[in-house]
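These notes concern the structure reproduced below.
Throughout, read-outs are computed from the coordinates displayed, never taken from laboratory work. Note that the structure is a prediction, hence the values are computed from the model and not measured. Here the Cβ positions follow ideal geometry from the backbone for every residue, glycine too, while neighbour counts run over all protein chains shown.
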Amino acid sequence: MRSDTEDMKRKRGRPRQFEPDAVLDSVRKVFTEKGFEGASLDDLAAAAGLNRPSLYGAFGDKEQLYIHALNQVGARSQARLAEALALALPIEERLTLIYRWAIAAYSAPPLHAGCMIVNTATTAATTNPAIAEAARKIRAGQEELFARAFAACVARRELPAEPAPSARAKLATAMLDTLAVRARLGESAASLETFAQEALALVCVI
């Protein structure tokens, strides 16, 4: 039989339990506020509620932790994008929903954080190729979803074949980037929505 002392030692030796998604949500806020370079390991560990060894053991080094957080937000945004584009609505209405969702996320107080890719990954990418590659994959996935939606519209003769679906997709994605920059600079949500509505005429030009 194990003694009470042995049981206590086993309990003290157990790794701290945590929810990976919740940890990534917490560290993402730090990266978004301070950027990849500006976020210290102490900042990240404190936000995660973990000590450094536990954080390293779960996610790897700082770059790997950042990429995990980036991929998390990328997967969530692509899921929302796919859901909106699958709706049985005119493409203009689907894009309006997408841009409204993005504006709400980008301009949410107190940070008005914009987009993690646009506002942090683009800066880190110059010296961290792995971050650049992760961001490119997310952007490519978004463009592919847009391109499929526009191609379906062309097939149903809701849009002309030119501009090509891929060109429209690039412009639709670029609109998300522009909204993120404007939100980060403090432009109001109402102003951003007006801008998005005006830009829809270019994305969905007939």
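Points worth noting:
- Among the residues of the range 46-62, the ones that are closer than 28 Å to Leu185 by Cα and crowded, with 17+ Cβ neighbours inside 10 Å come to 3 in all.
- Inter-residue pairs, beta-carbon under 8 Å, first free of Cβ contacts under 8 Å to residues at least 40 places away in the same chain and in the range 20-34, second surrounded by fewer than 19 Cβ atoms within 10 Å (Cβ to Cβ) and among the acidic types (Asp, Glu), 6+ apart: Val30/Asp43; Lys34/Asp43
- Verdict on Ala140 being outside any loop (DSSP other than H, G, I, E, B), over 18 Å from Asp177 (Cβ atoms) and of a type in the set (Gly, Ala, Ser): no
- Unique residue being buried (at least 17 other Cβ atoms within 10 Å of the Cβ) and of a type in the set (Asp, Glu) when the list is Glu144, Glu187, Glu133: Glu187
- Considering residues of the range 18-34 that are aliphatic (A, V, I, L, M) and farther than 11 Å from Tyr66 by Cα only, the residue surrounded by the fewest Cβ atoms within 10 Å (Cβ to Cβ): Ala22
- Verdict on Arg80 being in a helix (DSSP H, G or I) and in contact (Cβ under 8 Å) with a residue 12 or more places away in the chain: yes
- Of the residues Phe146, Phe150, the single one that is free of Cβ contacts under 8 Å to residues at least 60 places away in the same chain and closer than 21 Å to Glu83 by Cβ is Phe150.
- For the range 49-76, filtered to residues that are in contact with a Leu (Cβ under 6 Å, 6 or more places away or on another chain) and of a type in the set (A, V, I, L, M, F, W, C), the residue that is farthest from Thr120 (Cα to Cα) is Phe59.
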